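A quick write-up on the structure given underneath.
The values are calculated or read from the model by the stated rules, or taken from the named source; none is laboratory data. Just so we're clear, the structure is a prediction, and the values are computed from it rather than from any experiment. Because the Cβ atoms are built from the backbone with ideal geometry, glycine has one as well, and the counts that use them run over all protein chains shown.
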Amino acid sequence: EAQVTQNPRYLITVTGKKLTVTCSQNMNHEYMSWYRQDPGLGLRQIYYSMNVEVTDKGDVPEGYKVSRKEKRNFPLILESPSPNQTSLYFCASSLSQGQGWSPLHFGNGTRLTVT
Amino acid sequence: SQQGEEDPQALSIQEGENATMNCSYKTSINNLQWYRQNSGRGLVHLILIRSNEREKHSGRLRVTLDTSKKSSSLLITASRAADTASYFCATDEYGNKLVFGAGTILRVKS
């Protein structure tokens with residue numbers, strides 16, 4: 001089944017404790033992206049990757065890191081989480097765009113709480 | 001934040017009624033997409049309309065695009081309780097990313 005898999009689904013951590021949220025897709029998609037969703041603010045892009053070893057900042061990259069060593073994986077790293085990073089996180093992927101964007105496939109989300 | 005605008009923010013209707021949501025954007029686009037999100041879950045792609053298309057249908061969904069007004073609408077006909085969700089439009093107006101609107105929360109009462 002074609003899917004984007006995120007783990008974990010729920011995560012509660014303390015300020016400053018490094019964490020990684022994993023994202024994997026099995027559709028051979030070139031493009032992958034991380035979003036955070038907060039009430040009243042909608043979906044905001046954190047980082048994206050056009051292909052292996054190619055990553056770039058989105059709208060809200062501060063406090064986050066990503067890597068794209070393999071096409072299927074795009075982990076999100078919080079080196080020193082803070083309470084303002086408490087949010088619902090989504091990973092998404094799509095085929096590289098030709099004329100305009102292909103539909104994004106989303107994971108089921110990771111609800112992160114930083115205390 | 002570079003976001004399109006959707007209205008209404010929230011919509012409550014009775015089962016069987018039609019629901020219309022609107023999306024506006026700022027610059028030229030190649031395509032516009034609509035997504036649905038059930039509470040707390042990942043977004044699911046519904047329909048994509050290209051800039052050279054004016055209308056597109058998929059089942060009970062009808063999407064229109066007016067590039068002169070930089071706006072799109074999503075119509076859900078004969079709504080069902082299972083249509084209760086948030087609906088987002090997304091555009092490629094800013095280059096290497098899809099920009100999502102703030103969404104419309106639809107509640108269908110049975």
(request) State all residues of region B:1-50 that are closer than 30 Å to A:Q3 by Cβ, part of a loop (DSSP other than H, G, I, E, B) and more than 9 Å from every other protein chain (Cβ to nearest Cβ); if no residue qualifies, say none. (result) B:G4, B:Y25, B:N38, B:S39
(message) If B:A102 satisfies all but one of (1) within 13 Å of chain A (Cβ to nearest Cβ); (2) crowded, with 17+ Cβ neighbours inside 10 Å; (3) at pLDDT 95 or above, what's the number of the condition it fails?
(response) (3)
(message) Among the residues in region A:8-27, are any in contact (Cβ under 8 Å) with a residue 60 or more places away in the chain and closer than 21 Å to B:L48 by Cα?
(response) yes
(message) Among the residues of region B:76-91, are any at pLDDT below 95, farther than 30 Å from A:T55 by Cα, more than 11 Å from the chain's Cα centre (by Cα) and surrounded by fewer than 20 Cβ atoms within 10 Å (Cβ to Cβ)?
(response) no
(request) Kindly check whether there is at least one residue in region B:61-75 that is more than 18 Å from B:S39 (Cα to Cα), of a type in the set (S, T, N, Q), within 13 Å of chain A (Cβ to nearest Cβ) and in a strand (DSSP E or B). (result) no
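Results for (1) part of a strand (DSSP E or B); (2) within 10 Å of another protein chain (Cβ to nearest Cβ); (3) within 29 Å of B:I49 (Cα to Cα), shown as yes or no for each residue.
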{"site": "A:T5", "(1), (2), (3)": "yes, no, yes"}
{"site": "A:T22", "(1), (2), (3)": "yes, no, no"}
{"site": "A:S33", "(1), (2), (3)": "yes, yes, yes"}
{"site": "A:Q37", "(1), (2), (3)": "yes, yes, yes"}
{"site": "A:V60", "(1), (2), (3)": "no, yes, yes"}
{"site": "A:L88", "(1), (2), (3)": "yes, yes, yes"}
{"site": "A:A92", "(1), (2), (3)": "yes, yes, yes"}
{"site": "A:S102", "(1), (2), (3)": "no, yes, yes"}
{"site": "A:N108", "(1), (2), (3)": "no, yes, yes"}
